[in-house]
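Data block below; observations after.
The values are calculated or read from the model by the stated rules, or taken from the named source; none is laboratory data. A quick note: this is a predicted structure, and the numbers were derived from the prediction, not measured. FYI the Cβ positions are ideal-geometry reconstructions off the backbone, even for glycines, and counts take in every protein chain you see.
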Amino acid sequence: MLTIYFLHGTTDELGREQSQGISEVLFPDVNYVQNKHAITITKMFVGQQCHRWEVKSVDHPAVNEVKIGLIRRIPSQPEIYLSQTHKVKRNVISLLRKGTLVEVDYGYIPSVKKCSGDTKSNKRYPDVRQSGEMHKRRLAIVVKASGTRVQVVPISSNEPPIGDRACFEMARSSLEKLMHYNDQKKRSFAVCSMIETVALTRILPPLAKPVREAGRQAPQRSDGYPHKVSNIDIQALDKALSVTVGIGDYKEIKLKNTELYLSNSALKKRLVSLQEQLDANKASLDVAQTKVSTHDALWNMLEDHYRQLHSTKSHEEVSDIIKDELKVWIEIAEDA
């Protein structure tokens, strides 16, 4: 099996790989239906400083031969991967809070070329990207970053199935500052069901409009990772992630729990107020009971005294006499 690499549009050969005793090889198949996007490969050719190449064509001139046309992948802005930034700025991981936007090189899905000339899928090669897995370079949302691992949710322009609550459409405000991802005609969906932990060597800042740099107009990749999703998208992210892990009502329960907490706090304050009021009422009741006891004692003393003065009167008549005199004394006191 022979794989030949050449500069696309020319006959200049870059290098070749000869396989002996091997009946099939993997190759970057730009003709594969799932690879309708730019495929970048890494190849170290003698005499070439460039090692990142974009695949432009794939031909099969013979049953045991593959010709791959490449162009130099020279980005307009330097591509500093997170692993490189981390070497000189260790605290960069702390900047990747939930909602930070990054680009991720997921890689591509290769095809298989057999010595018979047939090309097949790579389903028997689980050591490379497989059909159904996330692939190509794409935007992603950081869920959590710690140490040398970053959990991300990929973003796709493919519309998810109706009713898929593990996906949500990104707000335009989250993407408006980014290059390549702010096309008004394209919708963007966060695919939380494909959350994945990726290495720092796959992550780089997205190309975006300048941040806090007056006078600079050219897009740049800021290794401070300043671009975040909107608050609306953060809420949607939490809700979709809860569906992904099987607790779809998490947001509702959390909201209800917050409401119950606030209600409980209000009830506790009300309880303290009522307890203070109850204590005050008890103190007033004690004073009133003391006055009632004093009143009863004085009444009994008066009754005994008036019975001696009016021995021929009945109990009721003596009580009436006392009440009448008390009424007179009260009127005199009020007039005074």
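A few comments on the model shown:
- One residue alone among 255, 262 is under 19 Å from the mean Cα position of the chain (by Cα) and either closer than 26 Å to residue 94 by Cα or outside the structural domain of residue 90 (by TED's automatic domain parsing) (or both), and that residue is 255.
- Of all residues in region 64-91, exactly one satisfies the criterion of being modelled with pLDDT under 95, within 26 Å of residue 174 (Cβ to Cβ) and hydrophobic (A, V, I, L, M, F, W, C), namely 80.
- Sole residue being under 26 Å from residue 243 (Cα atoms), assigned to a strand (DSSP E or B) and over 17 Å from the mean Cα position of the chain (by Cα), chosen from 187, 138: 138
- The residue pairs whose first member lies in region 218-241 and is at positive phi, whose second member is not in a loop (DSSP other than H, G, I, E, B), and whose beta carbons are closer than 7 Å, counting only pairs six or more residues apart or on different chains, are 225/95; 225/100; 225/102.
- Flag if residue 240 is among the aliphatic types (A, V, I, L, M) and closer than 30 Å to residue 192 by Cβ: yes
- Boolean, residue 190 is in contact with an Asp or Glu (Cβ under 7 Å, 6 or more places away or on another chain), over 19 Å from residue 92 (Cβ atoms), surrounded by 15 or more Cβ atoms within 10 Å (Cβ to Cβ) and assigned by TED's automatic domain parsing to the domain that holds residue 100: no
- Any hit, region 34-53, residues being buried (at least 17 other Cβ atoms within 10 Å of the Cβ) and farther than 30 Å from residue 192 by Cβ: yes
- Scanning region 96-122 for residues that are charged (D, E, K, R), assigned to a loop (DSSP other than H, G, I, E, B) and more than 29 Å from residue 172 (Cβ to Cβ) returns a single hit, 118.
- Restricted to region 1-95, the set of strands (runs of 3 or more DSSP E) holding at least 1 residues that are in contact (Cβ under 8 Å) with a residue 24 or more places away in the chain, over 30 Å from residue 144 (Cα atoms) and touching a Phe, Trp or Tyr at 6+ places or on another chain (Cβ under 7 Å) comprises 2-7, 13-18, 24-27, 52-62, 65-72.
- Sole residue being part of a helix (DSSP H, G or I) and either exposed (fewer than 10 other Cβ atoms within 10 Å of the Cβ) or out of contact with any Lys or Arg (no Cβ under 8 Å at 6 or more places or on another chain) (or both), chosen from 307, 270: 270
- Qualifying residue in region 123-133 (condition: within 25 Å of the chain's Cα centre (by Cα) and at negative phi): yes
- Pairs where the first residue, in region 317-336, is modelled with pLDDT under 85 and in a helix (DSSP H, G or I) and the second is among the small types (Gly, Ala, Ser) and surrounded by 10 or more Cβ atoms within 10 Å (Cβ to Cβ), C-beta under 8 Å, 6+ apart: none
- Within region 143-157, the set of residues being free of Cβ contacts under 8 Å to residues at least 60 places away in the same chain, in a strand (DSSP E or B) and either over 25 Å from residue 39 (Cβ atoms) or in contact with a Gly (Cβ under 7 Å, 6 or more places away or on another chain) (or both) comprises 144, 145, 146, 149, 151.
- Which numbered condition residue 98 fails, given (1) more than 24 Å from residue 232 (Cβ to Cβ); (2) surrounded by fewer than 19 Cβ atoms within 10 Å (Cβ to Cβ): (1)
- Enumeration of residues in region 158-180 that are under 15 Å from residue 230 (Cα atoms) and in a loop (DSSP other than H, G, I, E, B): 170, 171, 176, 177
- Residue match in region 159-170 (condition: under 14 Å from the mean Cα position of the chain (by Cα), in the same structural domain as residue 244 (by TED's automatic domain parsing) and under 21 Å from residue 220 (Cβ atoms)): no
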